[in-house]
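Asker: I have a structure here, written as structure tokens, and I will follow up with some questions on it.
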Amino acid sequence: SPYVLFLFHHTLSLLAWPYAVSAGRCTYFVNFFLVSEVTNVNLSLRWFLMKTGKGEQSRAYFINGVLWIPLFFAVRVAVIPDLVDQYWNSDWSKLGPIETWAARTLLPVPVGLNVYWFGLIMHTAYVALFGTESAKTAKTKETKKKR
């Protein structure tokens, strides 16, 4: 269920953030992830507009989406090369074994999710602008229906 993942994500974040900052561990990454939450304002507004019946056909929904795409890209995607550089070139010797394992295992997850989500955002924008799905997506859906 998406709600279970939502609760897991936020519980883990609420535990990890104070520890990381107070102990001086992985603060670059933790603060980056904290700053990236600014894009959730647009996501929440999108949800609100849909729940109130002012969804995809409204001007507010369209403007929110147009503003959200560059914000999401700038805050979550464009910074990935620097995050990867920091990930590979950081001094991990200051971390204990459990901290090292947690950092090396968990830090790549949000980066992968941000790339995946940006792909979904761009696909939705493509459909909104051109009114049809890409030929590849339509063909994939057609193939799945035949099965």
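The values are calculated or read from the model by the stated rules, or taken from the named source; none is laboratory data. Please read all numbers here as calculations on a predicted model, not as lab measurements. As a convention, Cβ positions derive from the backbone with ideal geometry for all residues, glycine included, and neighbour counts pool all protein chains shown. These area figures cover heavy atoms from the full protein model, side chains too; ligands, DNA and RNA do not enter into them. Shrake-Rupley method; radii C 1.70, N 1.55, O 1.52, S 1.80 Å.
Asker: Pull out all pairs, ordered by first then second residue, where Cβ-Cβ is under 7 Å, the residues are six or more apart or on different chains, the first lies in the range 32-45 and is modelled with pLDDT under 90 and part of a helix (DSSP H, G or I), and the second is open to solvent by 70 Å² or more (accessible area, probe 1.4 Å) and not hydroxyl-bearing (Ser, Thr, Tyr).
Answerer: What qualifies is Leu34/Trp17.
Asker: All but one of (1) of a type in the set (Lys, Arg); (2) open to solvent by 40 Å² or more (accessible area, probe 1.4 Å); (3) within 24 Å of Leu107 (Cα to Cα) hold for Lys54; state the number of the condition that does not hold.
Answerer: (3)
Results for (1) at pLDDT 90 or above; (2) touching a Phe, Trp or Tyr at 6+ places or on another chain (Cβ under 8 Å); (3) surrounded by 12 or more Cβ atoms within 10 Å (Cβ to Cβ); (4) closer than 22 Å to Trp117 by Cα, shown as yes or no for each residue.
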| residue | (1), (2), (3), (4) |
| --- | --- |
| Tyr3 | no, no, no, yes |
| Thr11 | no, no, no, yes |
| Ser58 | no, no, yes, no |
| Pro70 | yes, no, no, yes |
| Pro81 | yes, no, no, yes |
| Val84 | yes, no, yes, yes |
| Gly96 | yes, no, no, no |
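Asker: Further, regarding this structure: What are the pairs with Cβ atoms under 9 angstrom where one residue, in the range 64-87, is touching a residue at least 60 places away in the same chain (Cβ under 8 Å) and more than 11 Å from Ser36 (Cα to Cα) and the other, located anywhere, is of a type outside the set (S, T, N, Q) and assigned to a helix (DSSP H, G or I)? Sequence gap at least six, or different chains.
Answerer: Gly65/Arg46; Gly65/Ile121; Gly65/Ala125; Gly65/Ala128
Asker: Let me ask something additional. So the check is Cβ under 7 Å with 6+ separation or different chains; which pairs have a first residue in the range 121-143 that's acidic (Asp, Glu) and a second one that's modelled with pLDDT of 75 or more?
Answerer: Hits for this filter: Glu133/Val127.
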